[in-house]
Every structure is written in C-alpha cells, then in structure tokens.
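Data first, discussion second: the structure below is written as structure tokens.
The values are calculated or read from the model by the stated rules, or taken from the named source; none is laboratory data. Quantities reported herein were computed from a predicted structural model and do not represent experimental measurements. Don't worry about glycine lacking a Cβ; one is built from the backbone with ideal geometry, like all the others, and counts go over all protein chains shown. Keep in mind that these areas ignore ligands, DNA and RNA; they rest on the heavy atoms of the full protein, side chains included. Shrake-Rupley method; radii C 1.70, N 1.55, O 1.52, S 1.80 Å.
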Amino acid sequence: GTATLGAGGTNSSSVNDSFLPGGWGGAKTEYIIKASELTVAGLAAGSITSLGFDVTSVGQTYQGFRVQIGHTTATAATTTFSAVPMTQVYTGTLTDNGYLPTLGVNTLAFGTGAGSSSSFTWDGTSNIIVSICWSRVPSATTATSTTMKVDNVGFATAVYRQRDSLTPAAMCSETSGNTTGNSR
C-alpha cells in the first residue's frame, strides 16, 4: 500500500529540515522514522519500494545523489551517523549520478540507478533510518537549496553534515554531524 507521513505543514530549505540544503558543495542527512509512525500510516511488515517528498522550489541538480535505508533501535538522532547495515535503494541517474528535483511530489522508485536494490524489507517492528547524501562533482564548493514541505514530529529526527570539496563517496561516508530540530 501507500502511506503518507505528515501533512507537510511548513516549507523549508534549511539544513535542519531539507536534505537538499544550499551553501555547501555536499550534504549527508539521516532521518529516523519510528515504527509507530509507519504503523499509524497504515504500513505493515514487508517491502518498501519508493520514497516521496514534496518540493515547493527547485535548487539545482544534486550530483552523487544516493538513498540508503536500514533498521535501527535508535529513537532520536545524535551527532553520530548510524553504523547499522543499510540497503542502497536509489542512485541518481543524471550525469555524475545526479538527481534534479521537480516541483510537487517527487517519488524515488527504489532500484533506480547503479547498485540500487528494488526494495527495502521492513520488519514491522524496528524504527528505520533513511540516509540521503550527495556532493557536487568535480568542484563541490557551493549549492542552491531546494525547498520542501516538512512537519514537526516532536523528537530529534535527524543528523546532518555539510562539507565542501569532498567526492560523493567521501561525503556519504561521513560518520559525525549535527543534530537538527524536530522537523522532517
């Protein structure tokens, strides 16, 4: 089935909300989504095959773009990115693994792009981590933010890191960052 988390009550392009922030050449953001949120949205154990987000203004093409998902026992974000095994489910398909968001709901169909699995199997009880990273190729020194709809979920939901002049592989391998507010 299809499930929607949140109503998208606020538009934001800030690094603590949007995983496509501006100012730096690359970013990594990990979001915790609690099992209780998935269950209330109508999901049950099984395959998750896509992820969507609602864009209200487009910044640029984000090169080195990749999405990974994993199970976690964490219930709030800290300043350390998750070390749990993750399944890569999406890789950008434009030049240099780029992804260009469009206005409205963007649905990332899992299995898109090199090395991506066509689904993530949720066990029905664990929280999940969604990790999204990108870094501009080759200069990686500036970016224009994309604004998306977000909601305050009432707990520290994400950890993020922005850096300049890193390859996409190095950006996606970052291990520590900053915790954000309560929006996702």
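Candidates THR87, THR72, THR78, THR91: the one that is open to solvent by 30 Å² or more (accessible area, probe 1.4 Å), touching a Ser or Thr at 6+ places or on another chain (Cβ under 7 Å), modelled with pLDDT of 95 or more and β-branched (Val, Ile, Thr) is THR87. Exactly one condition in (1) at negative phi; (2) in contact with a strand residue (DSSP E or B) (Cβ under 7 Å, 6 or more places away or on another chain); (3) of a type in the set (Gly, Ala, Ser) is false for SER139; which is it? (2) is the only condition that SER139 fails.
If we keep just the residues of the range 36-63 that are open to solvent by less than 10 Å² (accessible area, probe 1.4 Å) and of a type in the set (A, V, I, L, M), which is farthest from ALA140 (Cα to Cα)? Looking at the filtered set, the residue picked out is LEU38.
Residues in the range 142-154 include none that are more than 17 Å from the chain's Cα centre (by Cα) and of a type in the set (A, V, I, L, M). Among the residues of the range 155-170, just one is open to solvent by 70 Å² or more (accessible area, probe 1.4 Å) and either closer than 14 Å to LYS34 by Cα or under 17 Å from the mean Cα position of the chain (by Cα) (or both), namely ARG163.
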